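The structure under discussion appears below in the form of structure tokens.
The values are calculated or read from the model by the stated rules, or taken from the named source; none is laboratory data. Please read these numbers as outputs of a predicted model, since none were measured by experiment. Using ideal geometry, Cβ is built from the backbone for each residue, glycine included, and neighbour counts are taken over all protein chains shown.
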Ligand code: DX5
Ligand code: ZN
């Protein structure tokens, strides 16, 4: 399980997104883009036109996290636009199998996200349709929230289920991931780490990515 770091531009300067992407190019593995519609979550961010522009502006693959009410309607368009990974929420998708397959057929990796209170065991049979499982460690909607330790046992259970099914699915963690919390996430089995404020709140964003990766890698080996 190689550690991957996906900085979230939710904590970046939205008037200079291309420059903000450049700050982590060559050091981050992905650029995490939080799409929020003010319905699924109580916040509004950006949509497909901005993702299309970002795709042209950065060499980093884009990791789209759709926190929207109608992922079945919109997810395939993000994959067709060229996002490398498109994640839909279990709580919002009405036809998750169809939508996960549509994301893959459009050439992106299929992601499936679980809010803190959503059980993972319930979705075990869906694992063959999923390239990346996202376990949220805050209630989605805002950056800079406190990491929810209560989710850690679920993260470990998610890792166990993934191993039972061959170990191919990436396990992403998102929300409150920082130098203080990333080791616990890695120990519980996460291998893809989203970090918003911990990267874009730092003076040196590239160094923050480097340091987070080192902490996670060391914790994985421990
Ligand atoms: C929250 C978003 C996260 C957010 C994380 O709903 O999904 O990606 O940017 O921000 P931090 O790392 O500051 O918790
Ligand atoms: Zn996110």
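Report, by residue number, each residue of the stretch 11-50 that is closer than 30 Å to residue 167 by Cβ and either under 18 Å from the mean Cα position of the chain (by Cα) or within 14 Å of ligand 1 (Cβ to nearest atom) (or both). Steps first, please.
Of all residues in the stretch 11-50, those closer than 30 Å to residue 167 by Cβ come to 24-35.
Within the stretch 11-50, 24, 25, 27, 28, 29, 30, 31, 32, 33, 34, 35 meet the criteria.
Could you tell me whether residue 102 is modelled with pLDDT of 95 or more, in contact with a helix residue (DSSP H, G or I) (Cβ under 8 Å, 6 or more places away or on another chain) and part of a helix (DSSP H, G or I)? Can you show your working first?
On the way: modelled with pLDDT of 95 or more: yes; in contact with a helix residue (DSSP H, G or I) (Cβ under 8 Å, 6 or more places away or on another chain): yes; part of a helix (DSSP H, G or I): yes.
The answer is yes for residue 102.
Among the residues of the stretch 178-192, which ones are within 11 Å of ligand 1 (Cβ to nearest atom) and in contact with a helix residue (DSSP H, G or I) (Cβ under 6 Å, 6 or more places away or on another chain)? If you could, list the steps in order and put the result at the bottom.
First, the residues of the stretch 178-192 that are within 11 Å of ligand 1 (Cβ to nearest atom): 178, 181-182.
Listed by number, the residues that qualify are 178, 182.
So how many residues does the stretch 132-146 have that are near ligand 1 (Cβ under 9 Å from one of its atoms) and under 18 Å from residue 5 (Cα atoms)?
6
Can you tell me which residue among 163, 124, 168 is more than 23 Å from residue 20 (Cβ to Cβ) and touching a helix residue (DSSP H, G or I) at 6+ places or on another chain (Cβ under 6 Å)?
124
Here's the yes/no breakdown for (1) surrounded by fewer than 21 Cβ atoms within 10 Å (Cβ to Cβ); (2) over 15 Å from residue 109 (Cβ atoms):
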position: 6; (1), (2): no, no
position: 20; (1), (2): no, yes
position: 35; (1), (2): no, yes
position: 38; (1), (2): yes, yes
